[in-house]
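The numbers here are math on the coordinates, done by the rules we state, and not lab data. Everything numeric in this text was worked out from a predicted model, so none of it was measured. Every residue, glycine among them, receives a Cβ derived from its backbone with ideal geometry; neighbour counts consider all protein chains shown.
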Amino acid sequence: LEYLRERGPLYEQWALHRPSREATRSLHDGALYTVRGSSKRLSSLTGGRQGCTLGSTIFNSAYCIALDAIHWRLRKEGVVLRVQSPSGAFWRPEQEDESRFAEVIDVTFVDGEAMMLVARSVGAMLKYIDILLDTVTSVFRRCHLELNWGPGKSECLLQMRGNGSKAAIRQWASDDGTVAMPLQKYGFDSALRVVRHYKHLGSVVCASGMAF
């Protein structure tokens with residue numbers, strides 16, 4: 001509710017005027033249509049309808065709301081990665097200042113999403129992990145989106161160094177050597193697996209920082 005009060009509905013954020021919003025809604029919510037070979041009329045109560053010209057935009061907007069809400073919450077919590085955004089050529093960048101830093105929260109591609117956390121201490125990293133998991137799970141639940149915690153789907157690459165790093169890893173370790181973060185606190189009877197490498201679309205990303 002706080003997010004909606006501050007940000008407003010998505011199509012209003014996009015400055016889509018009201019008649020267009022209502023026309024788009026009428027094509028999907030409560031629309032009546034027929035199917036060849038049947039004399040009955042069918043009603044689409046909610047959701048997208050295949051064959052609609054605006055179907056892809058409506059489909060994408062459902063994810064857009066969730067991602068925007070995640071960004072909004074993480075910014076409020078201060079869980080943001082700041083990277084330099086040079087204005088010059090990469091081989092000869094101009095002198096950078098604070099105004100040229102960009103905030104990076106996630107990277108998405110089709111139905112995949114990656115989020116990166118960096119912290120100065122193990123304690124801060126554990127705090128950020130908790131905030132991130134709580135944010136993602138609660139936002140997806142409110143948006144009626146499902147998360148797949150299966151092997152090879154949602155997984156975590158984790159590198160910890162310094163005081164408390166070994167103890168932090170041991171709290172998630174099992175007797176068989178696997179490491180996984182329990183998710184019962186966030187309403188799931190599963191765990192987020194900690195892996196050394198992750199394969200996505202034919203490429204492999206390793207916890208060591210090497211990519212092939």
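Quick rundown of the values:
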| quantity | calculated |
| --- | --- |
| For Val104, net neighbour charge (Lys/Arg +1, Asp/Glu -1) across residues whose Cβ lies under 12 Å away | 0 |
| Neighbourhood net charge (11 Å Cβ-Cβ; Lys/Arg +1, Asp/Glu -1) for Glu12 | +3 |
| Under-5 Å amide H pairs with Leu81, H placed in peptide plane, nonlocal only | Val104 |
| GluC sites (Glu not before Pro) lying in DSSP loop within the stretch 112-212, provided at most 10 other Cβ fall within 10 Å | Glu146 |
